[in-house]
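Take a look at the structure set out below.
The values are calculated or read from the model by the stated rules, or taken from the named source; none is laboratory data. Predicted model only: the values in this text are computed from it and were never measured. Neighbour counts run over all protein chains shown; Cβ positions are idealised from the backbone, glycine included. Just the protein is used for accessible areas: all its heavy atoms, side chains included, with ligands, DNA and RNA removed. Shrake-Rupley method; radii C 1.70, N 1.55, O 1.52, S 1.80 Å.
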Amino acid sequence: MDHSPDHRPPSARSRRRLLTPVAVTAAAVAATIAAASTAHAGTTLGGAAAETGRYYGAAIAAYKLSDSQYVGILDREFNAVTPENEMKWDATEPTQGQFRYTGADQIVSHAQAHGMRVRGHTLLWHAQQPGWAQNLSGTALRSAAINHVTQVATHFKGKIYAWDVVNEAFADGSSGARRDSNLQRTGNDWIEAAFRAARAADPGAKLCYNDYNTDGVNAKSTGVYNMVRDFKARGVPIDCVGFQSHLGTGMPGDYQANLQRFADLGVDVQITELDIEQGSNQATLYGNVTRACLAVSRCTGITVWGIRDSDSWRTGQNPLLFDGGGNRKPAYTAVLNALNAGGTTTPPTTPPPTTTPPPSSPPPPSGSGCTASLSLQSWTGGFVANVHVTAGSSAISRWTVRIALPSGTVVTNTWSAQSSASTGTVDFRNVDYNGQVGAGGSTDFGFQGTGFGPSGTPTCTAG
């Protein structure tokens, strides 16, 4: 769980100069081979990771860039950085419409000066929102959130390797469902809307979803998996998934298999916030996590959440690679040895073809104009409905979905559609940008209301 102490939970490959055809002695050949062998064994985390086409990064704080020991380790060992708090909503837009990038700009400038990649963290999250955003809801919050994504991503356009576009949007436990938050209550498509806005604002950056307690195959990680599969099937721009990996004294036995199943969807995977509680097996676990990433070709890098144990949000657990005095720990050696042992080749630069649509969204009957399906998230006194509209065997240019609301239910907010009424039987019609749907294609809209959500099957009529 991404974090600072106040809350819960690549460099380019080295290039070898081409030799002109001249006479070479046996001694010179031997010296060249020895030098090449030495060069391949990286002596720093970032250097060793770069030999496999990956990065090894650290989360850092702008105010610590005045600490010479901290900066010395950072600049020597790492080839990527993540701002701990400086890019979050409360830091970048403390007053609505007034943006402040002082700390974030400082980190980005330092990274650029030292050839480091930057992971942007994070554009939207239910926590660390400014007070003004916490007081918004519905369309006002949706509009403010998308504007925030657009403005921040535009400010850093071309400087960010990967954005954590959305952070921690799934609930813990066995449901595999979305977390109930003010952002979720703006409509189930809020994550999709954020990714589309980020792509438009910074088209060169990789766009990631990031979460915790998703390190093994479990209900929560499967919920994320299903979302990513759906996004890939529908062409929603998503390039990577981040696994925070805040580990205790063990790790899931299916850690590598879990990374691989996401990679098989056609997205990169990244270990984004690694720290491991200090114990007798800390070094072993750090080595195992590193080897798991190296074994998955689309695992593009690892970030530890802090540099020295004294910098960690996990006070007293000493979960990092350097102790409070800046000394390398056994865990550091385990990571460096694992990186130098090598792994898969450089991850692919282009994703494989998208997967087939998930079974939960079957194609409509042949010849039908359109169909609609509804998913509902309810709480006492209210609900959010997401409606999935699918064209039949022919393209459509407009659609209308009719939904019967229970007595006493009132629609208070609608997005990506126009509604004919707020009570009773309501017709939801497309807006200008989502009326044209190709044969077999789909689009979504949603609405929020008070009372009980609809229980009947919606009907769809194509224009």
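Structure above, values below:
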| quantity | calculated |
| --- | --- |
| First in region 442-454 and part of a loop (DSSP other than H, G, I, E, B), second anywhere and buried (at least 23 other Cβ atoms within 10 Å of the Cβ), Cβ under 7 Å, 6 or more apart | Gly453/Ala385; Pro454/Ala385; Pro454/Leu405 |
| Residues of region 243-277 that turn out to be open to solvent by 10 Å² or more (accessible area, probe 1.4 Å), of a type in the set (Gly, Ala, Ser) and either touching a Gly at 6+ places or on another chain (Cβ under 7 Å) or outside any helix (DSSP H, G or I) (or both), as a count | 3 |
| Scan of region 90-140 for residues that are touching a strand residue (DSSP E or B) at 6+ places or on another chain (Cβ under 7 Å) and among the hydroxyl-bearing types (Ser, Thr, Tyr), ordered by number | Thr122, Thr139 |
| Index of the failed condition, Pro406 passing every other in (1) open to solvent by 30 Å² or more (accessible area, probe 1.4 Å); (2) at pLDDT below 90; (3) closer than 26 Å to Ser175 by Cβ | (2) |
| Residue among Asn318, Asn218, Asn226 that alone is farther than 29 Å from Ser68 by Cα, open to solvent by 50 Å² or more (accessible area, probe 1.4 Å) and over 16 Å from the mean Cα position of the chain (by Cα) | Asn218 |
| Positions within region 167-215 being open to solvent by less than 30 Å² (accessible area, probe 1.4 Å) and part of a helix (DSSP H, G or I), in sequence order | Gln184, Thr186, Trp190, Ile191, Glu192, Ala193, Ala194, Phe195, Ala197, Ala198, Ala201 |
| Checking Ala295 against (1) modelled with pLDDT of 95 or more; (2) open to solvent by less than 40 Å² (accessible area, probe 1.4 Å); (3) not acidic (Asp, Glu), the condition it does not meet | (2) |
| All positions within region 317-346 that are among the small types (Gly, Ala, Ser) and modelled with pLDDT of 95 or more | Gly324, Gly325, Gly326, Ala331, Ala334, Ala338 |
| Matching residues, region 412-436, being assigned to a strand (DSSP E or B) and either within 28 Å of the chain's Cα centre (by Cα) or surrounded by fewer than 20 Cβ atoms within 10 Å (Cβ to Cβ) (or both) | Thr412, Asn413, Thr414, Trp415, Gln418, Ser419, Thr425, Asp427, Arg429 |
